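Worksheet for the structure shown next.
The values are calculated or read from the model by the stated rules, or taken from the named source; none is laboratory data. Everything numeric in this text was worked out from a predicted model, so none of it was measured. Cβ: placed from backbone, ideal geometry, glycine included. Neighbour counts: every protein chain shown. Remember, those area values only see protein heavy atoms, side chains included, never the ligands or the DNA or RNA. Shrake-Rupley method; radii C 1.70, N 1.55, O 1.52, S 1.80 Å.
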Amino acid sequence: MSAPVVNCPTCDTKVVWSEASPFRPFCSERCKLIDLGDWAAENHRIAGKPDLNAELGEEYLAELEEELMGKDNQFFK
Ligand SMILES: [Zn+2]
């Protein structure tokens, strides 16, 4: 019975599932690192809601500015 063969998730190279492939299911350490990098990028994208926060922050700043302007107007009266 021969060892099962899987495809490297990164580059699709056939990898023999045995002690001969220490990075299985990846064909090499490079492909393993690339896949981990993809995961990190994915997580970064999922956690990437600072765009929304920035929008809210801008709105908040505009509100603050309006408030300050109102105070300034009162101050000048
Ligand atoms: Zn590979």
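Residue count for region 1-28 satisfying the condition of being of a type in the set (D, E, K, R) and more than 10 Å from the ligand (Cβ to nearest atom): 2.
What about residue 54, is it at pLDDT 80 or above and open to solvent by less than 100 Å² (accessible area, probe 1.4 Å)? Taking the combined requirement at face value, the residue does not satisfy it. Comparison of 39, 17 shows that the only residue that is among the aromatic types (Phe, Trp, Tyr) and modelled with pLDDT of 90 or more is 17.
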